[in-house]
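Asker: Got a structure for you, questions after.
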Amino acid sequence: METKKLYRIPSDGMLGGVCAGLGEYLNIDVTVVRLIFILLFLTGTAGFWIYLIMWIIVPVKPLSD
C-alpha cells in the first residue's frame with residue numbers, strides 16, 4: 001500500500017500550487033478546491049491565512065513523482 005503525501009504543484013497551480021496539490025491529494029477537481037478557498041476568503045480572511053501557511057509549510061512535489 002502506497003502512502004499518500006501532500007505536495008504543492010507550482011507547475012499546475014495559479015499562485016503557489018497549493019490548490020493543485022490538495023486536489024491531487026483528495027482526488028477532486030482543483031476548481032472545487034479553489035472555490036472553497038475563495039469562499040473562505042470572502043467570509044473572513046481564513047482562506048488567505050490557510051493558503052499562506054500551506055504555501056510556506058507544504059513541500060514542492062519532486063520531479064520524479
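Asker: What net charge is computed for the residues neighbouring T31, neighbours being all others with C-beta under 14 Å from the C-beta of T31, Lys and Arg scored +1, Asp and Glu -1? Please list the in-between numbers first.
Answerer: Numbers: positive: R34; negative: D12, E24, D29.
Result for the neighbourhood of T31: -2.
Asker: Further question on the same structure: Helix 46-57 sits at what angle to the longest principal axis of the chain, using alpha carbons and giving 0 to 90 degrees rounded to 10?
Answerer: On a 0 to 90 degree scale, this one is about 30.
Asker: Something else about it: What is the gain in length, in nm to one decimal, between L52 and K5 on full extension, counting 0.36 nm per residue of separation less the C-alpha to C-alpha distance?
Answerer: Numbers: separation 47, 0.36 × 47 = 16.92 nm, distance 1.89 nm.
Full extension from L52 to K5 adds 15.0 nm.
Asker: Still on this structure, I have one more. Could you work out the relative contact order of the chain, using alpha carbon pairs under 8 angstrom and six or more residues apart, expressed as a whole percent?
Answerer: Working: 70 pairs, mean separation 21.0, N = 65.
It comes to 32 percent, rounded to a whole number.
Asker: Report in % the part of the accessible area of the chain that belongs to carbon and sulfur, leaving out ligands and nucleic acids; probe 1.4 Å.
Answerer: Numbers: 3370 of 4850 Å².
Ligands and nucleic acids excluded, carbon and sulfur give 69 percent.
Asker: Next question. Tell me the label-point distance for the pair T45, M14, using the 7 Å Cα-to-Cβ offset, in nm and rounded to one decimal.
Answerer: 2.0
Asker: Let me ask something else. For L40, L35, L15, write out the residues from largest to smallest accessible area, computed with a 1.4 angstrom probe and no ligands counted.
Answerer: So, going from the largest accessible area down, we get L15, L35, L40.
Asker: Hey, can you find the accessible area per residue of segment 1-64 for me, probe 1.4 Å, expressed in square angstrom?
Answerer: On the way: 4740 Å² over 64 residues.
Per residue, segment 1-64 has an accessible area of 74 Å².
The values are calculated or read from the model by the stated rules, or taken from the named source; none is laboratory data. The model shown is predicted, which means the values in this text are computed figures rather than measured ones. Glycine also receives a Cβ, built like all others from the backbone with ideal geometry; neighbour counts cover every protein chain displayed. The protein model used for the area step is the full one, side chains on, heavy atoms only, and it has no ligands, DNA or RNA in it. Shrake-Rupley method; radii C 1.70, N 1.55, O 1.52, S 1.80 Å.
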